[in-house]
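Enquirer: Handing you a structure now.
The values are calculated or read from the model by the stated rules, or taken from the named source; none is laboratory data. Because the structure is predicted, anything quoted here is derived from the model rather than measured. Glycine also receives a Cβ, built like all others from the backbone with ideal geometry; neighbour counts cover every protein chain displayed. When the accessible area is computed, the model is the full protein with side chains, heavy atoms only, and any ligands, DNA or RNA have been set aside. Shrake-Rupley method; radii C 1.70, N 1.55, O 1.52, S 1.80 Å.
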Amino acid sequence: MREAIRKMTDDPVVLRIMDQLEMQGKTGKELEKHLGFSNGTISAWKFANVKSYRKRIDEIAEYLGVTREYLLEGTEDNHSREVMTPTEVKLIQLFRGMGNAQQRHYMELGEFLRNLSRYERTEAEVSI
């Protein structure tokens, strides 16, 4: 028996939410879990034309690091609020858990590694 092909919604809000999830390497399941939605909520938005997202648009925008205006209207630059990667969040958590002396060393190490990467790129370009 052939499976029916489900048509994805053309709702621009849902499409922007899906685009942001994909660009950020996040999944619909993660969004569902974060917001306490039941399993299948995101699927319902995508395939059943359910618009329950409207009640929680501010929370969805915050999770995605974009503005509600961008999600609802697409009129504002979606990068108007900086989005941190999970690695950046982890680095900040580590930094906040350190004392002042450790934080200074952490910053010095970060500067050293950044400069080392620049030096390695320059050396590689010179040898070409």
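Enquirer: Can you spot a residue in segment 20-37 that is more than 15 Å from the chain's Cα centre (by Cα) and touching a residue at least 24 places away in the same chain (Cβ under 8 Å)?
Expert: Checked segment 20-37: no residue is more than 15 Å from the chain's Cα centre (by Cα) and touching a residue at least 24 places away in the same chain (Cβ under 8 Å).
Enquirer: Could you list all residues from segment 39-68 that are open to solvent by less than 80 Å² (accessible area, probe 1.4 Å) and over 18 Å from the mean Cα position of the chain (by Cα)?
Expert: If the condition is that a residue be open to solvent by less than 80 Å² (accessible area, probe 1.4 Å) and over 18 Å from the mean Cα position of the chain (by Cα), then 40, 41, 43, 44, 45, 46, 47, 48, 50, 52 are the ones that fit.
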